[in-house]
Amino acid sequence: MGDAVAKAELFDSLARVGKALGSGTRLELLDLLAQRERSVEALARAAGVGITTCSAHLQTLRQAGLVATRRDGTKIHYRLAGADVAALYALLRDVAGTHSAQAAAARDSYLGADDTEAVDRDELQRRLATGQVIAVDVRPAEEYTAGHIPGALSIPLEQLTDRLSELPDDVEVVAYCRGAYCVLAHDAVRLLAARGRRAARLVDGMLEWRLANLPVDAAT
């Protein structure tokens with residue numbers, strides 16, 4: 001029958017990992033770390049929280065084994081403990097979006113109207129190989145540097161208006177960002193379409209691209 005105490009400890013240990021995921025801020029930190037390693041200060045800025053609050057959330061994630069650290073002088077840098085943590089986050093997000101009406105409504109409210117064309121990863125690869133499209137990474141430049149779709153241009157969303165001249169008029173643009181719940185690519189396509197450019201977005205983003213073990217380039 002097994003040891004009841006040992007069984008209880010097993011399920012309690014699993015629950016501790018689940019409890020670490022039970023915070024919107026901690027999930028956002030995992031989402032950010034799926035893009036690149038970051039210092040506590042950089043994570044706090046990106047997530048819009050105080051350094052003390054951010055550090056406390058990171059400690060909870062570390063105690064659950066979901067993130068790892070390295071020290072660089074006085075700074076502590078955090079990274080995901082493994083690709084399986086990114087996969088766990090993506091699965092949690094997708095399960096919530098599929099089975100929770102509240103999560104689905106929040107997603108739709110954040111991403112906005114379903115008014116942008118989307119292509120999947122296979123179609124993007126096919127179009128890139130035949131020169132039919134140009135891929136534009138609209139994430140912050142440091143995320144592009146850490147890893148991007150081969151051949152993609154880095155034009156962060158806030159620079160897109162000023163850098164439209166860098167994009168050829170006769171080639172469709174496919175914008176991508178962090179993942180399926182990242183609004184940057186949606187906003188980029190809306191901006192491009194408003195200026196008469198042919199544009200679509202990748203249906204998900206860099207998180208899913210990596211999880212699919214597709215080629216990734218990193219700037220040197």
Cα long-axis angle, helix 101-111 against the chain (0 to 90 degrees, to the nearest 10): 40
Cα radius of gyration and Dmax for the stretch 64-190 (Å): 17.1, 50
The chain: Cys lacking any partner C-beta under 4.7 angstrom: Cys54
In order through the stretch 160-166: 3J(HN,Hα) via Karplus (6.51 cos²θ - 1.76 cosθ + 1.60), integer Hz, x for Gly, Pro: 4, 4, 6, 10, 4, 5, 6
Nonlocal amide H pairs with Ala199, under 5 Å, H built at 1.01 Å: Val173
Pair Val95, Arg70: separation of 7 Å Cα→Cβ label points (nm): 3.2
Counting DSSP beta bridges with both ends in the chain, the antiparallel % (nearest 5): 40
Span from the the stretch 19-94 Cα centroid across to the the stretch 108-161 one, whole angstrom: 24
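Relative contact order of the stretch 19-153: what whole-number percent is it, with Cα pairs under 8 angstrom and at least 6 residues apart? All intermediate terms of the calculation are to be shown ahead of the outcome.
Numbers: 105 pairs, mean separation 27.0, N = 135.
Reported relative contact order: 20 percent.
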Relative frequency of Cα-Cα separations exceeding 25 Å in the chain, percent: 45
Table column - 3J(HN,Hα) (Hz), the stretch 55-60, Karplus curve with 6.51, -1.76, 1.60, x for Gly and Pro: 4, 5, 5, 5, 5, 4
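Bear in mind these aren't lab numbers, they're just calculated from the coordinates by the rules spelled out. Keep in mind it's a predicted model, so treat the numbers as computed, not measured. FYI the Cβ positions are ideal-geometry reconstructions off the backbone, even for glycines, and counts take in every protein chain you see.
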